[in-house]
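**Student:** Dropping the structure in here first, questions after.
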Amino acid sequence: MVYCRRGKGDSGKTGEETVQDSEPRFSPFVTKLASFVLLAGMLLLAWLQVTVPKLDRVTQPEQALALLVGREMDLDAALTREPEWARTFFEWLSSDGESERKLAITWYEEVAVYSRRPTVQLELAILEAEDGRLEQVRRKVEAWTAGPDPFPSFARLLTVGYWGGRQDQIGGEALQAASAEALPAGWFTDRLAGRLAASSGDRAWSTAVDEALVERGKRILQRSYGLALVQLGGIFVGAVAALLLLLRRQEENVWRVGGAQIPPPWKGRVGMLVLVRGGAVGLVVMLAFLLLESENLLVRVLSIPLSNLPLLLLAHRYLMNRGGPGFVECLGLRAWPGAWKPLGLVVLAALAVGFLVEWGLGKVAEPLDLSSHWTEWFDEDLIWGGAAVVTVSLVEYVLFAPLFEELVFRGLLFATLRRRFGFGLSATLSAAIFALAHGYGLLGFVSVIFSGLLWAWVYEKTGSLLPGMAAHALNNLMVCLTEMWLLR
């Protein structure tokens with residue numbers, strides 16, 4: 001078995017040291033320039049994250065939020081027709097319907113300020129009315145009555161639907177057409193139509209609306225059951241895998257998958273210089289792709305590997321190809337013979353831990369009124385894109401992101417930090433930088449930090465990036481498929 005062997009430290013040498021007997025010479029000017037570019041680029045990205053409105057990250061925020069909230073409300077309505085145990089199960093697994101409605105109203109209030117589309121105001125009023133905020137809606141209706149079109153029509157629809165106003169305000173038989181014209185098909189339209197049908201006493205219309213709500217709710221509920229079973233099954237299988245690993249923990253190399261040595265064989269100073277220089281060039285390439293804003297799918301799919309290529313080439317030249325083991329051996333990218341069993345067990349156990357932590361974070365955040373902003377995970381390409389666009393998105397999320405993020409943040413950054421610090425500080429620093437690069441809010445930041453800590457631990461324990469890459473890819477795949485399954 002080939003280990004990426006090292007000496008006693010950055011300055012000491014032994015007869016067994018196989019890598020970097022002499023430190024390569026780097027130009028101080030180039031290093032300072034790269035440091036400036038890297039710092040400036042990171043500050044620019046941070047400034048963009050703070051100053052650019054979250055809703056600008058979605059090209060159609062009004063339609064996106066209507067779809068998202070509509071599906072959540074369909075599920076909530078479907079659960080009211082389920083047994084008590086089912087409602088308790090979903091509340092335990094995620095959150096209760098009341099919390100979901102309040103969060104949806106908060107998101108809609110943000111979009112209502114951002115957007116000029118009148119339908120956003122009507123959808124918000126329907127949400128508020130369904131949440132019992134009738135007095136608040138009444139004040140809106142009074143203001144809309146004297147407002148520009150189509151607000152007077154909205155006011156009449158809400159008056160008839162929620163307060164039983166006179167039908168002849170719209171024209172009796174025209175109620176159904178007016179409600180369908182006011183909003184696109186979905187939960188909002190059916191909820192308002194149901195209220196109008198009940199007020200007008202039109203049983204046939206009321207029955208049709210109820211059937212549409214039930215059918216759509218049944219479909220989303222069945223899909224939610226399927227996802228819940230997959231998650232619970234993954235937790236169970238992962239728990240069994242973790243138990244098997246613990247029972248065999250006394251056996252030699254029970255965790256080992258590859259021959260990566262932590263701390264690595266390269267000197268910490270050289271590693272940091274490579275990270276700064278390669279990171280600066282990669283950041284410039286990434287910003288160039290962002291400014292290009294090309295709709296070409298080939299350009300888009302190549303942006304991730306090309307942004308990471310400069311750093312990987314520098315690492316290959318200066319850290320891993322100086323008379324010793326190469327890139328594959330140093331990062332444990334080739335599994336040892338017979339290591340596929342521990343590889344599978346570690347991946348399953350890591351996925352189960354990830355599921356449990358995500359669930360735990362949600363339960364802790366709920367009473368604190370913390371949540372991830374919906375634009376952080378809503379992906380228009382996965383939900384509305386054609387086959388080619390969806391394929392490119394899946395390649396980015398499931399193949400390129402796990403591959404290059406594990407190579408850079410665990411294989412190079414975490415490993416280099418381990419030359420100077422212990423596991424805890426090295427894993428935390430690398431995980432924090434990893435989380436900052438994603439640009440999420442507080443809850444997402446904490447979630448990504450934990451993922452970084454978990455995959456760093458897996459890398460050090462197994463001597464290979466393969467388990468972290470596999471767990472990272474499966475986790476991203478699950479997120480993508482969940483979004484597509486529930487919203488597409």
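Quick note: the coordinates plus some simple rules give every number you see, no bench work behind them. Treat the numbers as computed from the prediction; the structure is a model and nothing was measured. Neighbour counts run over all protein chains shown; Cβ positions are idealised from the backbone, glycine included.
**Student:** Which entries in the list LYS32/LYS461; LYS32/LYS54; LYS140/LYS218; LYS363/LYS461; LYS267/LYS461 go over 27 Å, if you measure between the two C-alpha atoms of each?
**Tutor:** Exceeds cut-off: LYS32/LYS461; LYS32/LYS54; LYS140/LYS218; LYS363/LYS461.
**Student:** Hey, another quick one. For the stretch 54-70, just list the computed ³J(HN,Hα) in residue order, Karplus coefficients 6.51, -1.76 and 1.60, θ = phi - 60°, integers in Hz, with x standing in for Gly and Pro.
**Tutor:** 4, 5, 6, 7, 10, 6, 10, x, 5, 5, 5, 5, 4, 5, 4, 5, x
**Student:** Highest first, please rank the peptides 359-367, 404-412 by the mean number of other Cβ atoms sitting within 10 Å of their residues.
**Tutor:** Answer by packing, highest mean first, reads 404-412, 359-367.
**Student:** Cut-off 20 Å, label point 7 angstrom out along Cα-to-Cβ of VAL30: give me the residues of the stretch 276-292 whose amide nitrogen falls inside.
**Tutor:** Within reach of a label on VAL30: 276-286.
**Student:** Restricting to Cα atoms and excluding each atom paired with itself, what does the Kirkwood estimate give for the stretch 170-270 in Å?
**Tutor:** 19.4
**Student:** Considering Cα pairs under 8 angstrom that are at least six residues apart, work out the relative contact order of the stretch 360-488 and quote it in whole percent.
**Tutor:** Result for the stretch 360-488 is 34 percent.
**Student:** Calculate the FRET efficiency for ARG57 and LEU246 from the Cβ-Cβ distance with a Förster distance of 45 Å, rounded to the nearest 0.05.
**Tutor:** 0.60
**Student:** Nearest 10 degrees, 0 to 90: what angle lies between the long axis of helix 97-114 and the longest principal axis of the chain (Cα atoms)?
**Tutor:** Here the helix axis deviates by roughly 90 degrees.
**Student:** Over the chain, calculate the relative contact order: mean separation of alpha carbon pairs under 8 Å at least 6 apart, over the residue count, as a percent.
**Tutor:** Over the chain, the number comes to 21 percent.
**Student:** So, one more: With a cut-off of 8 Å between alpha carbons and a minimum separation of six or more residues, what is the relative contact order of the stretch 58-201 in percent?
**Tutor:** Averaging sequence separation for qualifying contacts and normalising by length gives 20 percent for the stretch 58-201.
**Student:** Still on this structure, I have one more. How big is the stretch 58-201 in terms of Cα radius of gyration and Dmax, in angstroms?
**Tutor:** So, for the stretch 58-201, Rg and Dmax equal 15.6, 48 Å respectively.
**Student:** Given the C-alpha atoms of the stretch 224-487, compute the convex hull and give its volume per residue in Å³.
**Tutor:** 145
**Student:** Also, I was wondering about something else. Given H placed on each backbone N at 1.01 Å, which residues far from PHE421 in sequence or on other chains put an amide H within less than 5 Å of it?
**Tutor:** none
**Student:** Let me ask another. Pairing the Cα long axis of helix 84-93 with the longest principal axis of the chain, what angle in degrees results, from 0 to 90 and rounded to the nearest 10?
**Tutor:** The angle comes out at about 40 degrees.
**Student:** Next question, about the same structure. Measure nothing fancy, just the Cα-based angle from helix 203-247's long axis to the longest principal axis of the chain, in degrees from 0 to 90, nearest 10.
**Tutor:** The angle comes out near 20 degrees.
**Student:** ARG138 to LEU442: extension gain in nm, 0.36 nm per residue of separation minus the Cα-Cα distance?
**Tutor:** Extra length available between ARG138 and LEU442 comes to 105.9 nm.
**Student:** List, in order, the whole-Hz ³J(HN,Hα) value for each residue of the stretch 145-159 obtained from phi through the Karplus relation with A = 6.51, B = -1.76, C = 1.60 and θ = phi - 60°; use x for Gly and Pro.
**Tutor:** 4, 9, x, x, 4, x, 5, x, 5, 4, 4, 5, 4, 5, 4
**Student:** Right, another one. Cα extents of the chain along the three principal axes, largest first, in whole Å?
**Tutor:** 96, 53, 39
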